[in-house]
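Structure first, commentary second.
The values are calculated or read from the model by the stated rules, or taken from the named source; none is laboratory data. Since the structure is predicted, the reported quantities are computational estimates derived from the model, not experimental observations. Here the Cβ positions follow ideal geometry from the backbone for every residue, glycine too, while neighbour counts run over all protein chains shown.
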Amino acid sequence: MIVVTTPTGQIGRRVVELLRQADEPVRVIARDPAKVRGVDVVAGSHRDPAVLRKALDGARSLFLLVPPDRQSTDVTEQYVSYARAAAATASRIVAVSSIGRGYPEPAGALAAAWAMDDVIEASGADYRSLRPAYFMENLLAGAGMIRDEGVFPQPLDADRPLPLTATEDIAATAARLLRDSTWSGQDSVPLVSPDDLTPAGMAEVMADVLGRPVTYRQQSIAEYRSMLDGFGLSGSFVAALTEMARAQNDGVYGYGRQPAARTGTSFRDWLRTSSIAATPEGARTRVRPHS
Ligand SMILES: NC(=O)c1ccc[n+]([C@@H]2O[C@H](COP(=O)([O-])OP(=O)(O)OC[C@H]3O[C@@H](n4cnc5c(N)ncnc54)[C@H](OP(=O)(O)O)[C@@H]3O)[C@@H](O)[C@H]2O)c1
């Protein structure tokens with residue numbers, strides 16, 4: 001039995017699908033069991049050790065993902081609290097962290113994920129820390145602007161390479177490790193796509209795939225922060241995202257152990273099938289070029 005947290009999230013949902021396709025017995029933890037069908041469900045949050053203990057009864061491994069909490073009053077404590085609950089109840093864990101561990105400056109949400117690693121490692125559990133880079137799916141929030149206005153805005157330096165990861169590759173690696181009972185001890189698994197693109201280079205790929213001009217526009221950190229404030233996020237969450245953007249512009253992803261090989265989905269392939277370039281049916285969206 002494998003226990004999967006966040007079965008309604010973009011990574012957790014796919015982990016469940018892949019495990020079920022492989023005929024693995026799966027149990028999920030969900031705040032709203034009605035949202036998950038066809039699997040054994042334990043109701044509640046995986047921040048609660050009692051819920052985890054119940055779900056892990058007779059189980060061999062746990063897939064752990066700390067949910068983003070836009071209202072968090074302390075983002076690091078939030079990650080650590082989920083890690084503590086998992087570390088107290090599970091002896092074999094695969095969790096989603098981030099590359100760049102070892103970066104010596106503040107790194108916001110990235111540092112919170114490494115604090116999660118610290119807690120799990122200290123517990124002595126068998127552990128695989130998945131270390132993806134910047135999710136390609138982060139771009140979906142601005143899909144309309146890219147597709148309809150030809151503008152790709154981010155608070156990131158235009159010409160600094162930005163390592164990328166498709167969440168499909170995270171889910172596939174998680175499912176593989178969860179099914180594999182041969183590994184033990186603690187290790188990290190960097191997950192970075194075969195691309196070597198800067199944000200400006202990503203805009204060029206977008207223009208090519210969409211068949212229309214797309215311009216990269218670097219937002220200042222102040223502009224980015226004020227945009228986030230406008231979304232009604234907590235101060236701690238805004239600080240975590242802006243610190244992360246600063247760290248990304250300082251080359252945070254170059255720290256720590258680097259991937260032996262860049263593998264998985266390329267940005268171009270991801271983009272072609274994403275809602276930025278495709279309708280939900282998979283057909284290409286017709287876009288009028290700028291006049
Ligand atoms: N974005 C990046 O570039 C990046 C890079 C590296 C690592 N990461 C990490 O990736 C993770 C985000 O993964 P994702 O995009 O798959 O997340 P996601 O799609 O936003 O999924 C969030 C999930 O968490 C659940 N959830 C929300 N609040 C909860 C709570 N209080 N208790 C229990 N469950 C709760 C949601 O379930 P409900 O149905 O109950 O709402 C949902 O299943 C974060 O840990 C982040 O640090 C992100």
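Would you confirm, using the coordinates I've provided, whether Val75 is among the hydrophobic types (A, V, I, L, M, F, W, C), near the ligand (Cβ under 10 Å from one of its atoms) and within 22 Å of Asn138 (Cα to Cα)? Write out each step before concluding.
Values: among the hydrophobic types (A, V, I, L, M, F, W, C): yes; near the ligand (Cβ under 10 Å from one of its atoms): yes; within 22 Å of Asn138 (Cα to Cα): yes.
Yes; evaluated as a whole, the condition is true for this residue.
Filter region 36-78 down to the residues that are aliphatic (A, V, I, L, M) and within 28 Å of Phe231 (Cβ to Cβ) and list them by number. Break it down into steps so the answer makes sense when it comes.
To start, the set of residues in region 36-78 that are aliphatic (A, V, I, L, M) comprises 36, 39, 41-43, 50-52, 55-56, 59, 62, 64-66, 75.
Of everything in region 36-78, those that are aliphatic (A, V, I, L, M) and within 28 Å of Phe231 (Cβ to Cβ) turn out to be Val36, Leu64, Leu65, Val66, Val75.
List, please: which pairs have Cβ atoms under 9 Å, are six or more places apart or on different chains, and start with a residue in region 130-148 that is farther than 18 Å from Tyr216 by Cβ and end with one that is of a type in the set (Lys, Arg) and away from the ligand (no atom under 15 Å from the Cβ)?
Arg131/Arg257
What number of residues within region 149-187 satisfy the criterion of being of a type in the set (S, T, N, Q) and either within 10 Å of the ligand (Cβ to nearest atom) or free of Cβ contacts under 8 Å to residues at least 12 places away in the same chain (or both)?
At the first step, the residues of region 149-187 found to be of a type in the set (S, T, N, Q) are 154, 165, 167, 173, 181-182, 184, 186.
From what's left, either within 10 Å of the ligand (Cβ to nearest atom) or free of Cβ contacts under 8 Å to residues at least 12 places away in the same chain (or both): 165, 167, 182.
Qualifying residue count, region 149-187: 3.
Taking the stated definitions as given, is Pro67 in a loop (DSSP other than H, G, I, E, B), near the ligand (Cβ under 9 Å from one of its atoms) and closer than 23 Å to Ala133 by Cβ? Talk me through it step by step, then tell me what you get.
Working: in a loop (DSSP other than H, G, I, E, B): yes; near the ligand (Cβ under 9 Å from one of its atoms): yes; closer than 23 Å to Ala133 by Cβ: yes.
It is true that Pro67 is in a loop (DSSP other than H, G, I, E, B), near the ligand (Cβ under 9 Å from one of its atoms) and closer than 23 Å to Ala133 by Cβ.
Glu121 - would you say it is surrounded by fewer than 20 Cβ atoms within 10 Å (Cβ to Cβ), touching a residue at least 12 places away in the same chain (Cβ under 8 Å) and within 13 Å of the ligand (Cβ to nearest atom)? Give the steps one after another, and end with the answer.
On the way: surrounded by fewer than 20 Cβ atoms within 10 Å (Cβ to Cβ): yes; touching a residue at least 12 places away in the same chain (Cβ under 8 Å): yes; within 13 Å of the ligand (Cβ to nearest atom): no.
Judged against the criteria, Glu121 is not a match.
Checking the condition basic (Lys, Arg), closer than 25 Å to Phe63 by Cα and surrounded by 14 or more Cβ atoms within 10 Å (Cβ to Cβ), which residue from Arg212, Arg179 passes? If you could, list the steps in order and put the result at the bottom.
On the way: Arg212 fails: closer than 25 Å to Phe63 by Cα.
Of the residues listed, the single one that is basic (Lys, Arg), closer than 25 Å to Phe63 by Cα and surrounded by 14 or more Cβ atoms within 10 Å (Cβ to Cβ) is Arg179.
Checking Asp148 against (1) within 18 Å of Val214 (Cβ to Cβ); (2) in contact with a Ser or Thr (Cβ under 9 Å, 6 or more places away or on another chain); (3) surrounded by fewer than 16 Cβ atoms within 10 Å (Cβ to Cβ): exactly one of these is not met. Which one?
The single condition Asp148 does not satisfy is (2).
Just checking, does region 34-50 include any residue being in contact with a Gly (Cβ under 7 Å, 6 or more places away or on another chain), assigned to a strand (DSSP E or B), at pLDDT 95 or above and crowded, with 16+ Cβ neighbours inside 10 Å? Write out each step before concluding.
Of the residues in region 34-50, the ones in contact with a Gly (Cβ under 7 Å, 6 or more places away or on another chain) are none.
The answer is no, given that none of the residues of region 34-50 is in contact with a Gly (Cβ under 7 Å, 6 or more places away or on another chain), assigned to a strand (DSSP E or B), at pLDDT 95 or above and crowded, with 16+ Cβ neighbours inside 10 Å.
Failed condition for Leu18, given (1) over 16 Å from the mean Cα position of the chain (by Cα); (2) closer than 23 Å to Arg176 by Cβ; (3) within 13 Å of the ligand (Cβ to nearest atom); (4) assigned to a helix (DSSP H, G or I), with all others met?
So the condition that Leu18 fails would be (3).
Would you confirm whether or not region 271-289 contains a residue that is of a type outside the set (Asp, Glu), modelled with pLDDT of 90 or more and at positive phi?
If we filter region 271-289 for residues that are of a type outside the set (Asp, Glu), which is where we start, we get 271-280, 282-289.
Then keep just the ones that are modelled with pLDDT of 90 or more; that gives 271-277.
Those left that are additionally at positive phi: none.
The answer is no, given that none of the residues of region 271-289 is of a type outside the set (Asp, Glu), modelled with pLDDT of 90 or more and at positive phi.
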